[in-house]
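Q: Sending over a structure as structure tokens; questions will come in a sec.
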Amino acid sequence: MTDGEILLMGDINIDTVLPVSEFPVPGRDGLASQMSVAIGGAVVNTAFVLDNLSQKAALLGCVGEDVWAEKIRQDLAKTNIGTEAIFTKAEYASGLTFIIVTPDGERTMFSYRGANTRLSPENIRGSTFQNVGLLHISGYALLESPQKESAWAAVKLAKENHIPVSLDTGLDPVVRNPDELQRLLSELTICITGKQEISVLFKGKTLDEAAREMISMGIRIVAVKMGERGCVVYSPEEKFTFPSFSINVVDTTGAGDSFTAGLLYCWMKQLSLQASTILASALGALAATVYGAGSSLPGKHVLVDFLESGKSRCNSMEQKAIEEVLSVLKSTS
């Protein structure tokens, strides 16, 4: 078991989720049947899941000085998530994301990143890393300056303190700034990505070839999310493919972030590759059964019930991995 908290660096937003019957064509209205406003952002969603699993987590990022920042702080105050490294940039508005969800559960996002991009290298302090066991970075942190330079400063501090670094690439960051993401790969211990991202970063290479190249760089876990087709996760010793769980998809917002939380949790608990993959897949699936993310994401009791009910539909190896996960989940408060 790895000691310390997981420090998550990325955007801290307010998400407005709007389910619509269909995505409107240009010039028409999209009328929502309901609406939710809550804290969000990739690393925030991951932090909420980790907190639900009783894993210590903290956020590194920025908010503005506005009503949205007040709501962000109020929502985080209801959790055990560390907020000491959330900085206020009074001259910028807090990040806002509007999420349009169609009946198939697909979500389209419109985002104003605002204060998130203003995290400066001066905000990256050695004291923040004293109790950190893993640094996790969202690919969005590498899109704009000075946040981009701050991400590299955080990686430098992590490496100096022998803290492993994890990255969730995200699709847009890879499409918009592939060179920056490519450069970071050699610094990573964990890389979480998708099939489309792999095709951009490793043109002309198969999934297996790209994964082997990343492993040769020193990455210990390469996880490739493939949506409804499940996922494939690699380590230096093995490869494990797992299909997606059968669920009623409501909203895929936060599903990838929840998947990430499962992998990071299992890394800290030093669980097997199979157990890590199945827990991550279960968390991703459960996230898609509710509208929104953040505080709306299902808790540990729901997860335990979901794994126990799905165990009979798995083969003997998968059942053993689920038992490994359940043993750890039930042993923590």
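Q: I'd like to know if segment 27-48 contains one or more residues that are in a loop (DSSP other than H, G, I, E, B) and under 26 Å from L264 (Cβ atoms). Explain how you work it out, then say what you get.
A: In the first step, residues of segment 27-48 are kept if they are in a loop (DSSP other than H, G, I, E, B); the result is 27-31, 33-35, 41.
Subsequent filtering for residues that are under 26 Å from L264 (Cβ atoms) retains 41.
Yes, because at least one residue in segment 27-48 is in a loop (DSSP other than H, G, I, E, B) and under 26 Å from L264 (Cβ atoms).
Q: Looking at segment 80-123, what strands (runs of 3 or more DSSP E) fall wholly within it and have at least 2 residues that are at pLDDT below 95 and closer than 30 Å to P19 by Cα?
A: Numbers: elements: 82-88, 95-101, 107-112.
Correct list: 95-101, 107-112.
Q: Hey, another quick one. Name every residue in segment 264-306 that is at pLDDT below 90 and among the aromatic types (F, W, Y), in order of residue number.
A: Within segment 264-306, Y291 is the sole residue that qualifies.
Q: Only one of G82, G10, G41 is surrounded by 20 or more Cβ atoms within 10 Å (Cβ to Cβ) and touching a helix residue (DSSP H, G or I) at 6+ places or on another chain (Cβ under 7 Å); which? So that I can check it myself, show each step before the final result.
A: Numbers: G82 fails: touching a helix residue (DSSP H, G or I) at 6+ places or on another chain (Cβ under 7 Å); G41 fails: touching a helix residue (DSSP H, G or I) at 6+ places or on another chain (Cβ under 7 Å).
Answer to the selection: G10.
Q: OK, next. How many residues are under 15 Å from G82 (Cβ atoms) and at pLDDT 95 or above when one looks only at segment 1-18?
A: 7
Q: Oh, and also: Among the candidates V232, V290, V249, V302, single out the residue that is within 18 Å of the chain's Cα centre (by Cα), under 28 Å from D75 (Cβ atoms), surrounded by fewer than 21 Cβ atoms within 10 Å (Cβ to Cβ) and not basic (K, R). Give the steps one after another, and end with the answer.
A: Working: V232 fails: under 28 Å from D75 (Cβ atoms); V249 fails: within 18 Å of the chain's Cα centre (by Cα); V302 fails: within 18 Å of the chain's Cα centre (by Cα).
Answer to the selection: V290.
Q: When you scan segment 214-333 for helices (runs of 4 or more DSSP H) that lie fully inside it, which ones turn up with 2 or more residues that are within 20 Å of G133 (Cβ to Cβ) and in contact (Cβ under 8 Å) with a residue 12 or more places away in the chain?
A: Working: elements: 255-269, 273-287, 300-310, 316-331.
Passing ranges, in order: 255-269, 273-287, 316-331.
Q: Follow-up. Return the residue satisfying two criteria in turn: it lies in segment 160-183 and is assigned to a helix (DSSP H, G or I) and touching a helix residue (DSSP H, G or I) at 6+ places or on another chain (Cβ under 7 Å), and of such residues it is nearest to G254 (Cα to Cα).
A: For segment 160-183, the residue satisfying everything is L171.
Q: Take segment 305-325 and flag every residue that is surrounded by fewer than 18 Cβ atoms within 10 Å (Cβ to Cβ), more than 24 Å from F48 (Cα to Cα) and not basic (K, R).
A: If the condition is that a residue be surrounded by fewer than 18 Cβ atoms within 10 Å (Cβ to Cβ), more than 24 Å from F48 (Cα to Cα) and not basic (K, R), then S312, C314, N315, S316, M317, Q319 are the ones that fit.
The values are calculated or read from the model by the stated rules, or taken from the named source; none is laboratory data. Small disclaimer: the values here were computed from a predicted structure and weren't measured. Counting neighbours? That spans all protein chains shown, and the Cβs are built from the backbone with ideal geometry, glycine included.
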